[in-house]
Amino acid sequence: MAKTIEEINAKIRSGKVVVFTAEEIVEVVREQGIKQAVREVDVVTTGTFSPMCSSGAFLNIKQQKQKMKLGGGFATLNGVPAYAGLAAADIYIGATAIPDGDPRNGNGRPGKFRYGGAHVIEELVAGNRVLLKGGAYGTDCYPAKTREQTIGLKDMNDAFLFNPRNCYQNYNVAVNLSDKPIYTYMGKLKPKLGNAYYCSAGQLSPLLNDPHFRTIGIGTRVFFCGAEGYVAWPGTQHNPSAPRLENGTPKTPAGTIALIGDMRQMSAQWLRAVSFTGYGVTLSVAVGVPIPIIDEDILRSVSVTDDQLKAPVVDYSEYYPFGQGEAKLGEVTYQELKSGSIRVKDQEVPTGSFSSYALARKVAHHLKQLIEDGDFLLTQFQAPLPGAVTGKEAA
Amino acid sequence: MKQTKLVFIFPENTVEEPITYNLITNYGVQVNILRASIDPGKQGRMVVELGGEEIQISQALNYLESLGVLVAPLAQKIRHLEDRCTGCTACVPHCPTRALDVDRDSWKVSFDSEKCIVCFSCLETCIYHAMSVEEQFA
Ligand code: SF4
Ligand code: SF4
């Protein structure tokens, strides 16, 4: 018997809702079986905490008495350039922006990238103030030409994260086949398969638990860095037609979502600036997506475990950057990745991750608690993501 | 009698000599190996405490230098800032001595300073600014 979002929300309001995390549900289904569990369980929570480069913040900065048009001028925050090609007071600061004059990759040395847009965002969310410097050409209605002032979220009318691409449904496992170390967005890779990096929460990852986007669509409310955020749009590079396993999950990077949420509701506990040596600055964000258990098929999807999820091993010395060399280095399961080593070309390769499973778990538990306490209601999406399988035919 | 903590850095092709044995028998110094990470054919590191008279120690160091071994004072200490650590495990495959290790049930990453040979790998690989160096003024 299918359950509706309204029925689930009624149970949340009355405090009778039954929620498990995507980890806990595995045991529940094993004990009770799908038929029994689908009647019992209303919501399964997912979580992830991971670097997501396609992130940034729209800020609308309150005008001073003498007004200024930043649009068409320039703005920096703590020296980090923001995009000012919008209206008079709107700017966008991207997570990966870095100050002019930052020592980058030079003289054969990998840059450290200690400070950038992500750090500005983290400081603002943490309640700190940053130095705004603005320049404009001045107009009759916006006469001010320069502005220098420390500002925090209180000095803004609006501040929201708008991340064009988050929550990649699966990701590459990066290795290095060459004979020198390389510095990539997938970390420092030692020569000759010296190590491998992966970046997904696997069985807790939001889109891997709803592989056909049956319940996650445009307008879905999510936990976003401590705030109630929303899926605003399919994420950039969203690719629903990636090859899939029999359980419906993609074997390569596939779906993505664009997320939006109010920075004032966020907490620095759930959002962290990161520095990749030799690569750059980016932002790690916490996202938790609640999955309504509307039928048996979706319950099967959320019961997926790390041993049933596979990721492709990709060489980042030749194949990724230049599109040449060995393309297929095989597939590994998340269970193997999380064990600490995988086998590639008959070699034992130690693994590490940038996505924090500990924090993914914390996100899923936190969202579970919010729902149990009646503080988080589910939404019916307003439009499906491209490639969504919404009818009965879903695997 | 003087005690000093040093880091020996062995180049990839150090001659095959029983270095520790020679230090003790030929130079009369006490050698206490605190940590070592030595793989044949690769650069190696050893953290040792040398004890002896000033002159013995300096002769011992001359001997090491003649072999191409770099000697540096152990002046720095690595710290793991637990409140900044996310347990992501990015540092784990780069730590040569498992001073940084993860419990794969709780996904908590722990740091054992006893095992740390101050190789700085984790400073380069931790993206969350959770590892730091502390100068020691001993
Ligand atoms: S410096 Fe860091 S990587 Fe090197 S041994 Fe110490 S803890 Fe491990
Ligand atoms: S890389 Fe940094 S944040 Fe990640 S586990 Fe190691 S110390 Fe903690």
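Loop only per DSSP, at most 10 neighbouring Cβ atoms within 10 Å: give me the trypsin sites (Lys or Arg not before Pro) in region A:232-330, ordered by residue number. The qualifying sites are A:Lys328.
Cα-based radius of gyration for chain B, normalised by 2.2 N^0.38 Å, reads 1.18. Rounded to two decimals, what is Rg over Rh for region A:257-326 when you use alpha-carbon atoms and the Kirkwood radius? Here the Rg-to-Rh quotient is 1.09. Here is the interface size for B with A: some 2000 Å² of accessible area buried, both sides summed, with a 1.4 Å probe. Looking at A:Ala89, A:Ser275, A:Ile371, which one has the Cα that reaches farthest to the positive end of the dipole of the protein assembly as shown (charges on Cβ: Lys, Arg +1; Asp, Glu -1)? The Cα lying farthest towards the positive end belongs to A:Ala89. With every protein chain left in place and a probe of 1.4 Å, what is the accessible surface of A:Glu23, to the nearest 10 Å²? Solvent-accessible area, nearest 10 Å²: 50 Å². Structural descriptor for chain A: relative contact order 24 percent, calculated from alpha carbon pairs under 8 angstrom and at least 6 residues apart. The spread of Cα positions in region A:245-395, taken along each principal axis and listed from longest to shortest, comes to 51, 41, 29 Å. A:Leu177 sits with roughly 50 Å² accessible to a 1.4 Å probe, with DNA, RNA and ligands left out of the calculation.
For region A:320-342, a drop of 30 Å² or more in accessible area on going from the chain alone to the assembled protein chains (1.4 Å probe) is found at A:Lys338.
The 1.4 Å probe gives accessible areas that order A:Tyr92, A:Tyr198, largest first, as A:Tyr92, A:Tyr198. What do you get for GluC sites (Glu not before Pro) in region A:305-395 restricted to DSSP loop and a cutoff of at most 13 other Cβ within 10 Å of the site's Cβ? Those that pass, being in a loop and sparsely packed, are A:Glu326, A:Glu393.
Computed with a 1.4 Å probe on the full set of protein chains, the accessible area for A:Tyr83 sits at about 130 Å². List the residues of region A:260-302 for which accessible area in the full set of protein chains is at least 20 Å² lower than for the chain on its own; 1.4 Å probe, protein heavy atoms only. By number: A:Arg272, A:Val274, A:Ser275, A:Thr277. Taking a quarter of the surface of the Cα convex hull of region A:56-161 gives a mean projected area of 6.8 nm². Region A:76-141 and region B:59-98 have Cα centres separated by 34 Å. Shielding value for A:180-191 is 2, the average number of Cβ atoms from other chains within 10 Å of each residue's Cβ.
What net charge do the residues around A:Ala37 carry, taking every other residue with its C-beta under 15 Å from that of A:Ala37, with Lys and Arg at +1 and Asp and Glu at -1? Value of the local net charge: -4. The mean accessible area for residues of the protein assembly as shown, using a 1.4 Å probe and ignoring ligands and nucleic acids, is 44 Å² per residue.
Near A:Glu23, once Lys and Arg are set to +1 and Asp and Glu to -1 for all other residues with Cβ below 10 Å from its Cβ, the sum equals -2. Counting protein heavy atoms only, the protein assembly as shown has 50 percent of its accessible area on carbon and sulfur, 1.4 angstrom probe. Look at the stretch B:120-127: the mean tally of other chain Cβ atoms within 10 Å of its residues' Cβ atoms is 5.
The spacing between region A:158-192 and region A:264-325, judged by their C-alpha centroids, is 10 Å.
Between B:Lys2 and A:Ser341, the FRET efficiency from the beta-carbon distance, with R0 = 56 Å, is close to 0.80.
At q = 0.20 Å⁻¹ the log10 of I(q)/I(0) for region B:2-68 amounts to -0.78, computed by Debye summation with a single uniform scatterer per C-alpha, solvent ignored. The listed residues A:Ser241, A:Ser301, once ranked by accessible area (1.4 Å probe) with the largest placed first, stand as A:Ser241, A:Ser301.
Summarised in one figure, the compactness ratio Rg/Rh of chain A, Cα atoms and Kirkwood Rh, is 1.01. Comparing A:Asn78, A:Asn107, A:Asn128 in a Gaussian network model of chain A, where Cα atoms under 10 Å apart are tied by springs, the biggest mean-square fluctuation is seen for A:Asn107.
The values are calculated or read from the model by the stated rules, or taken from the named source; none is laboratory data. Owing to the predicted nature of the structure, the values given are computational and were not obtained by experimental measurement. Neighbour counts are summed over all protein chains in view; Cβ atoms, including those assigned to glycine, are modelled from backbone coordinates with ideal geometry. Just so you know, the surface numbers come from the protein's heavy atoms only, side chains and all, with ligands and any DNA or RNA stripped out. Shrake-Rupley method; radii C 1.70, N 1.55, O 1.52, S 1.80 Å.
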